[in-house]
Amino acid sequence: MTKNILVTGGAGFIGSHLVRLLVNKYPKYHIVNMDNLTYAGNLQNLKDIEFKENYTFINCDICDFMSVKEVFANYSISHVIHLAAESHVDRSIENPFSFAKTNVMGTLSLLQVANDYWKENVRSNLFYHISTDEVYGSTDGISLFTEQTKYNPHSPYSASKASSDHFVRAFHDTFNIPVIISNCSNNYGPYQFSEKLIPLMIKNIFDNKPLPVYGNGENIRDWVFIDDHIKAIDMIFHEGCLGETYLIGGDNEWRNIDLVKLLVEIVDRKLGRKKNASLNLISFVNDRQGHDYRYAIDFSKIKNELGWQPCEEFEQGIEKTVNWYLENKEWM
Ligand code: NAD
């Protein structure tokens, strides 16, 4: 069956990888990429597919209810994969309002339009909401997040994502909208905006600039290679059970300070510098307010039910990632 899929936030990091995969892998699907090109959106990410017949880009704010409505009607949207968001925790501390607007009100606007439109145009539909493990707050040194973990967000970013998850479930329970949610840990790979930890560190090592590390650098994050996350989204979109939530993780936890040291080692080697020459660029800065200690995922549900697990070895994924940024300095 053909599908007319609205991907929101398709010009961003994860969205652009997803749009590329869907356009190339499913020529019978029509992919409508809705993005209002904030600082994080970049159409250069999709240059290779911009003229494909099954692809349309629409510059539109997801909060603009009337325009979203028009897009649903004009393109007979049957499925939504919703990624558009304000996504950087530090920015959410500076300006929480923009996070509530896009992440909460924007999600609500999409849900309302989808509900109204799909009521009149009954067929097989899906609203697939892409969320984050940060909604669960911080875990201790032992426990892993599961789909049953209670929400406990600490930053305005994670609070806004948690709120959007609740609205998605509420629309499912109240209006019977077919929904799925997935919550993934930190992604890494090409095309990530250079305010995020890995591209920022690569850029600063290259430029011989300070490498800011929050607090004592002991905070732990789980890292998933972008291609593995995209494969999981593809699988959940096609085979996931309606009304369900799936956690996605990399089984790959790193203390921030160890990750930064690893990047120093790799980038210095690739630039032909003396081993670890850039270690002295590391500079510990005041800890982020509300900084979660550790995110860690138990992804056995998606593994057992859908057969997904991360494939990319971190050592290879991070080498590929560093290579890409060094080869695409103008993009950075
Ligand atoms: P990103 O910041 O790189 O991209 C976000 C995209 O959304 C940009 O293209 C931006 O222009 C667009 N956008 C923002 N506000 C919009 C609006 N009002 N209307 C239309 N478009 C708008 O983010 P990302 O890292 O690609 O994350 C995508 C999604 O995945 C987010 O929902 C995020 O919460 C979630 N997520 C990200 C990670 C990660 O590690 N990056 C992990 C788990 C979940």
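Annotations for the structure displayed:
- Rh (Kirkwood; distinct C-alpha pairs) - the chain, Å: 20.4
- Student exercise, the chain dipole from Lys, Arg, Asp, Glu Cβ charges, in Debye to nearest 20: 500
- Estimated at 0.36 nm per residue, the fully extended path between ASN328 and ARG255 surpasses their Cα-Cα distance by 23.6 nm.
- For the range 188-196, 3J(HN,Hα) computed residue by residue from phi via the Karplus equation (6.51, -1.76, 1.60; θ = phi - 60°) reads 9, x, x, 6, 8, 4, 7, 8, 7 Hz, glycine and proline entered as x.
- Helices assigned as whole DSSP H runs in the chain whose Cα atoms extend at least 24 Å along their own long axis and whose mean Kyte-Doolittle hydropathy is 1.0 or higher are not found.
- Amide H contacts of VAL80 (H built 1.01 Å from N, under 5 Å, at least 5 apart or other chain): LEU6, LEU126, PHE127, TYR128
- Ordering of 293-302, 65-74, 7-16 by packing [mean C-beta count within 10 Å, highest first]: 7-16, 293-302, 65-74
- Computed E for GLN289/ASP207 - FRET, C-beta separation, R0 35 angstrom, nearest 0.05: 0.80
- Net charge contributed by nearby residues that have their C-beta within less than 13 Å of GLU265 (K/R +1, D/E -1): +2
- Per-residue ellipticity at 222 nm from helix content only, as computed over the chain with -39500 (n - 2.57) for each DSSP H run of at least four residues, stands at -12000 deg cm²/dmol.
- Label point of ASN280 set 7 angstrom out along Cα-Cβ; within the range 199-220, amide nitrogens under 17 Å from it belong to 205-212.
- With the simple spin-label model, which puts each label point 7 Å out from Cα in the Cβ direction, the ASP298 to ASP140 separation comes to 1.5 nm.
- Taking the alpha carbon gyration tensor of the range 159-282, multiplying each eigenvalue by 5 and rooting it gives semi-axes of 37, 15, 11 Å, largest first.
- From most to least packed by mean Cβ count within 10 Å, the peptides 185-196, 131-142 give 185-196, 131-142.
- Given their separation in residues at 0.36 nm each and the Cα-Cα distance between them, ASN59 and SER98 gain 12.2 nm when the chain is fully extended.
- Sorted by Cβ neighbour density within 10 Å, fewest at the top, the residues LYS209, LYS274, LYS3: LYS274, LYS209, LYS3
- Take the Cα of CYS241, go 7 Å toward its beta carbon, and the backbone nitrogen atoms of the range 134-162 under 15 Å from that spot belong to 147-148.
- Gain on full stretching of the segment that runs from LEU271 to ASN176 - 0.36 nm per residue minus C-alpha separation: 28.7 nm
- Simple label model, 7 Å out from Cα along Cβ direction - MET66 to ASN216, nm: 5.7
The numbers here are math on the coordinates, done by the rules we state, and not lab data. Note that this is a predicted model, so its numbers are computed, not measured. When we count neighbours, we look across all protein chains shown, and the Cβ atoms used for this are built from the backbone with ideal geometry, even at glycine.
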